[in-house]
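Scroll down for the structure; my scribbles are underneath it.
Just so it is clear, none of the values below were taken in a lab; they were calculated from the coordinates. None of the values given here were measured: they were computed from a predicted structure. A quick note on method: Cβ atoms are made from the backbone with ideal geometry, for glycine too, and the neighbour counts reach across all protein chains shown.
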Amino acid sequence: MARTLLITGASRGIGAATALQAAAAGWQVAVNYRQDAAGAAHVVASIQAAGGVAQAFQADVAEEADIIRLFDAVVQRFGAVHGLVNNAGSTAPMGRLQDFSAARIQHMLQLNVAGPMLCCREAVRHMSTTAGGLGGVIVNVSSAASRLGSAGEYVDYAACKGAIDTLTLGLAREVAAEGIRVNAVRPGLIETGIHAISGQPGRVARLAPGVPMQRGGLPDEVAAAIVWLLSDAASFCTGSILDVSGGR
Ligand code: NAP
């Protein structure tokens, strides 16, 4: 039986690369997006052209009602959810904490912490063998920012990713006996559109000389780590945080 994977924020970047690789590995993919319907449709069409199964689902994963609606829609379409990649997330314009508004900080926490946490909640409710589920696997997308702190850039975002690391460790232990594995990847500087959102489209090239491997990473290099953690090859991995950062 084909297994179903829900990837949040899969219309571009790391989420889109993960959708394509997961589909090639045999997953049926639920491609979530917030506003980039064309991007999500392109990912779905690429998967279908390669013989895979995918469907796009609009939902803002910073909103609890949308998250509940998203899980209901995916279960209605595919019958079950066996995997979740908590990928949707974003930075905000670079600056110093002393200048950040309460509204900005609240939004960072809502999108990068509360959203993934609520997605985990819905997934566990659905997957837990104690509730009659089939078990499953969750991969959270953290960031090397959780180790580095992002001083002068976005310490609020970095702190959110620190919360994702802790969520991964705690939830992994909480549900380990219920058939659910929970792991995280911690990407470093990756070539995606996220850097333009923070006002630094050239950020990867600028910081690459400080990466031990002397370059930024590609979305596909992060996706490969995610798809491995999703797979049965990682069957004894839970509570693991895998750095994909070129040594940075
Ligand atoms: P990206 O290219 O900006 O893509 C972000 C994706 O998330 C888009 O598909 C976007 O879709 C979606 N999204 C944003 N807000 C959403 C919301 N509220 N609800 C649903 N979807 C939403 O970013 P990326 O670089 O691939 O980042 C993916 C993840 O990797 C993030 O968690 C990020 O923090 C993490 N990460 C990235 C890097 C890096 O250097 N790129 C490094 C470390 C960690 P819409 O346009 O439709 O909103």
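Of everything in the range 22-35 that's surrounded by 20 or more Cβ atoms within 10 Å (Cβ to Cβ) and either under 12 Å from the mean Cα position of the chain (by Cα) or within 14 Å of the ligand (Cβ to nearest atom) (or both), which residue is farthest from V74 (Cα to Cα)?
Y33
Only one of these conditions is not met by A159: (1) within 13 Å of the ligand (Cβ to nearest atom); (2) within 20 Å of G15 (Cβ to Cβ). Which number is it?
Going through the list (1) within 13 Å of the ligand (Cβ to nearest atom); (2) within 20 Å of G15 (Cβ to Cβ), A159 breaks only (2).
Name every residue in the range 71-107 that is in contact with a Cys (Cβ under 8 Å, 6 or more places away or on another chain) and among the aliphatic types (A, V, I, L, M), in order of residue number.
L84
Condition check ((1) under 20 Å from T18 (Cβ atoms); (2) aliphatic (A, V, I, L, M); (3) surrounded by fewer than 17 Cβ atoms within 10 Å (Cβ to Cβ)) across all residues:
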position: S150; (1), (2), (3): no, no, no
position: D156; (1), (2), (3): no, no, no
position: K161; (1), (2), (3): yes, no, no
position: E178; (1), (2), (3): no, no, yes
position: T192; (1), (2), (3): yes, no, no
position: H195; (1), (2), (3): yes, no, no
position: R203; (1), (2), (3): no, no, no
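Which helices (runs of 4 or more DSSP H) sit wholly inside the range 76-161 and have at least 2 residues that are aromatic (F, W, Y)?
It comes to none.
Within the range 49-66, track down each residue that is near the ligand (Cβ under 9 Å from one of its atoms) and either part of a helix (DSSP H, G or I) or out of contact with any Leu (no Cβ under 6 Å at 6 or more places or on another chain) (or both).
Across the range 49-66, the qualifying residues are Q58, D60, V61, E63, D66.
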